[in-house]
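A.B. asks: Once you've had a glance at the structure underneath, I'll fire off some questions.
Bear in mind these aren't lab numbers, they're just calculated from the coordinates by the rules spelled out. Here the structure is a predicted model, which means the values were calculated and not measured. Reconstructed Cβ throughout: ideal geometry from the backbone, glycine too, with neighbour counts over all protein chains shown.
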Amino acid sequence: MSRAEALAAVPAPRLLDSPWFLRLAAGAALLLAWELVVRGFAPGYVARPSGVARALWPVLSDAKFLAAAGATLGAVLAGLAISIVAGTAVGMLMGRARLVEAGLRYYVNSLFATPMVAILPFATLWFGYTGDARLAVVAFAAFFSITVNAADGARSVPREYLEVAGAFRATGWRTVLDVVLPASLPYLIAGVRLAAGRALVGAVVAEFFTSVPGLGYYILFNSRTFKHDEAFVAVVVLVVAGVTFEALLNWLARRYLPWARRS
Amino acid sequence: MILPGHRWQARAVALASLALGAALWELAGQRTADALWAPLSGTLARLWELAAGGVLAARAASSLTLFFSGFALAVAVGAPLGVLMARAARLRIAIEPYVMVLYATPMVALVPFILSMMGFGFAPKVLVVFLFAVFPVLYNTIEGARSVRPELVEVAQSFRSGEWALWRDVLIPYTLPYAMTGARLAIGRGLVGMVAAEFFLSPSGLGQEIMMGSQNFDTTLMLATLLVIVALGVALIDLGSALERRFSRWRGLDR
């Protein structure tokens with residue numbers, strides 16, 4: 001058998017085995033199915049991929065829409081920042097000090113289990129129908145998942161690390177900052193990931209409820225006036241924001257915490 | 001450095017902190033305007049009144065019916081579809097990224113679309129709870145499906161196992177713990193979906209009660225109902241965690 005013949009005998013990589021081909025094909029099939037179902041069975045105003053694609057540029061270049069997107073995402077980031085700082089502090093304390101844990105456990109666990117939508121009416125009672133109410137709901141939605149995960153992380157710091165810190169006569173503060181905090185970072189990142197999803201939901205429901213300008217209100221307003229294609233562009237922006245944040249956290253974890261691989 | 005504390009001390013601190021919380025609640029209620037916060041005593045009296053009148057049971061039953069309809073549908077769709085991915089590797093590779101994207105999507109953004117397309121019935125509300133709950137189940141079950149070891153399937157096949165026996169003895173036992181993790185996460189999300197549906201679609205159940213309270217500045221009604229929602233949330237999430245733990249021991253992670 002000649003060399004050419006031998007090469008020809010090796011089967012070429014088949015298209016069907018290429019993951020990218022499979023993914024693209026599935027994406028195209030899903031979009032096509034959506035388009036056909038809406039065309040065939042739904043009223044004309046219902047969003048469909050071709051309509052959303054047509055609405056994409058006009059909406060994205062509209063200054064009002066950009067302001068709305070900035071307001072919502074800004075509130076999400078601000079709420080997350082507040083929750084990360086406060087939640088990490090409270091979580092570290094709960095994880096390392098038994099009596100703090102005993103004192104706060106019932107409150108943190110039950111508020112963690114509370115659907116954040118249910119506190120919306122209270123937020124509007126205290127903050128009015130304003131952006132502050134939105135920020136409060138976002139921070140409430142995010143704070144408890146970070147606290148719970150930070151406490152889990154602080155609790156599960158290996159005993160040996162603490163013994164070494166103790167043997168070197170590290171003070172309490174240095175132990176927390178140099179040992180406990182870095183060791184619980186993987187848990188914290190998991191908490192932030194969970195919190196980011198909740199924060200987005202919190203911002204959107206707060207806007208539904210308070211009619212404060214933002215992506216949620218944009219969706220509500222346009223779907224009421226049967227401009228579903230335009231409204232769906234806002235959903236796309238929310239999805240992109242959620243996925244980007246998730247990817248960013250994964251990248252951070254891989255880049256800076258390579259020892260904390262997911263099992 | 002773990003700040004110590006004996007068991008009895010921890011218990012005393014927990015009790016003291018609950019008592020302090022109750023006292024603060026009561027004081028805050030008496031010092032602030034009625035429209036902002038109500039005292040604990042008034043809230044509990046209102047809760048008792050609602051419970052005695054049967055209103056509470058009816059509202060809670062309506063909310064739970066909605067929650068469990070959507071949740072059951074999410075598990076019934078998400079779990080089998082996820083297990084199927086253990087047998088259809090190409091399909092799994094093809095749709096995994098989309099499931100991930102949908103898992104990260106704030107489903108609440110779809111509520112206005114559902115409202116204007118489906119109106120005010122029970123079905124659109126179930127759809128909302130379903131959408132909130134299905135992707136955690138599907139995503140985690142697919143993760144389980146990915147981890148089914150090919151050797152197990154090969155051994156089963158070399159013993160001429162039929163498709164049904166393969167599912168019963170290998171695939172389902174292997175992916176169930178992952179599906180349970182998904183179900184636990186789905187409970188939390190489903191509860192958010194439940195209240196969101198009751199607020200923004202046709203008002204019903206406990207959500208309607210909170211809305212009525214907020215429209216009439218009736219803070220005792222709002223707080224009493226919120227207490228019930230918190231209690232339901234804690235109970236359901238604890239149930240989910242207990243189930244998950246039960247099955248993760250089976251997976252052998254809980255050693």
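A.B. asks: For the stretch A:1-136, what is one quarter of the convex hull surface built on the Cα atoms, given in nm²? Please report the intermediate quantities before stating the final value.
C.D. replies: Numbers: hull surface 76.4 nm².
Here the figure is 19.1 nm², rounded to one decimal.
A.B. asks: To continue, here is another question. Of B:Gly121, B:Trp48, B:Ile142, whose Cα points farthest to the positive end of the dipole of chain B (charges on the beta-carbon: +1 Lys, Arg; -1 Asp, Glu; origin at the Cα centre)?
C.D. replies: B:Ile142
A.B. asks: Can I ask one more? Mind sorting A:Ser50, B:Ser116 by how few other Cβ atoms lie within 10 Å of their own Cβ, fewest first?
C.D. replies: Values: A:Ser50 14, B:Ser116 18.
Going from sparsest to densest Cβ surroundings: A:Ser50, B:Ser116.
A.B. asks: OK, next. Taking the Cα centre of chain B as origin, sum charge times position over the Cβ atoms of Lys and Arg (+1) and Asp and Glu (-1), and report the length of that vector in debye to the nearest 20.
C.D. replies: Details: 20 positive and 15 negative charges, 156 e Å.
For this selection, approximately 740 debye.
A.B. asks: Report, as a whole number in µm² per second, the diffusion coefficient that Stokes-Einstein gives for the protein assembly as shown at 37 °C and 0.692 mPa s using the Kirkwood radius over alpha carbon pairs.
C.D. replies: 130 µm²/s
A.B. asks: Per the Debye formula with a single identical scatterer at each Cα and no solvent contribution, what log10 I(q)/I(0) holds for chain A at q = 0.10, 0.12, 0.14, 0.16 Å⁻¹?
C.D. replies: Taken in order of the listed q values, log10 I(q)/I(0) reads -0.69, -0.87, -1.03, -1.19.
A.B. asks: Can you give the relative contact order of the stretch B:112-255 as a percent, counting alpha carbon pairs under 8 Å and 6+ residues apart? The partial results should precede the final answer.
C.D. replies: Numbers: 130 pairs, mean separation 40.4, N = 144.
The normalised contact order for the stretch B:112-255 reaches 28 percent.
A.B. asks: How high is the relative contact order of chain B, in percent, with contacts defined as C-alpha pairs under 8 Å that are six or more residues apart? Could you put the intermediate results ahead of the total?
C.D. replies: Values: 280 pairs, mean separation 62.9, N = 255.
Relative contact order comes out at 25 percent.
A.B. asks: With a length cut of 30 Å (Cα positions projected on each helix's long axis) and a Kyte-Doolittle mean of at least 0.5, go through chain B and give me the DSSP H helices that pass. Kindly include the intermediate steps, with their values, before the conclusion.
C.D. replies: Values: long enough: B:7-31 (36 Å, 0.41); B:55-87 (49 Å, 1.55); B:123-146 (33 Å, 1.24); B:172-200 (39 Å, 0.89); B:219-251 (47 Å, 1.02).
Span-like helices here: B:55-87, B:123-146, B:172-200, B:219-251.
A.B. asks: May I ask which residue of B:Phe68, B:Leu36, A:Val85 lies farthest towards the positive end of the charge dipole of the protein assembly as shown, with charges of +1 (Lys, Arg) and -1 (Asp, Glu) on Cβ and the Cα centre as origin?
C.D. replies: Sorting the options by dipole projection puts first A:Val85.
A.B. asks: I'm checking a number: the convex hull volume of the Cα atoms of chain B, normalised per residue, in Å³. What is it?
C.D. replies: Values: hull volume 49.8 nm³, N = 255.
Cα convex hull per residue, to the nearest whole number: 195 Å³.
A.B. asks: Let me ask something else about it. Sequence gap at least 6, Cα distance under 8 Å: using those rules, report the relative contact order of the stretch A:126-263 to the nearest whole percent. All intermediate terms of the calculation are to be shown ahead of the outcome.
C.D. replies: Working: 119 pairs, mean separation 37.7, N = 138.
Here the relative contact order equals 27 percent.
A.B. asks: Lys/Arg Cβ at +1, Asp/Glu Cβ at -1, dipole of the protein assembly as shown taken about the Cα centre: which of B:Ala133, A:Gly153, B:Ala104 is farthest positive-ward?
C.D. replies: Result: A:Gly153.
A.B. asks: Can you list the DSSP H helices in chain A whose Cα atoms extend at least 20 Å along the helix axis and whose mean Kyte-Doolittle hydropathy is 0.0 or higher?
C.D. replies: Working: long enough: A:19-41 (33 Å, 1.27); A:63-96 (48 Å, 1.54); A:98-113 (22 Å, 0.40); A:131-155 (36 Å, 0.88); A:181-210 (40 Å, 1.29); A:228-256 (42 Å, 1.02).
Result, helices passing both filters: A:19-41, A:63-96, A:98-113, A:131-155, A:181-210, A:228-256.
A.B. asks: Going 7 Å from the Cα of B:Ser241 in the Cα-to-Cβ direction, what parts of the stretch A:195-233 have a backbone nitrogen less than 17 Å from that spot?
C.D. replies: A:195
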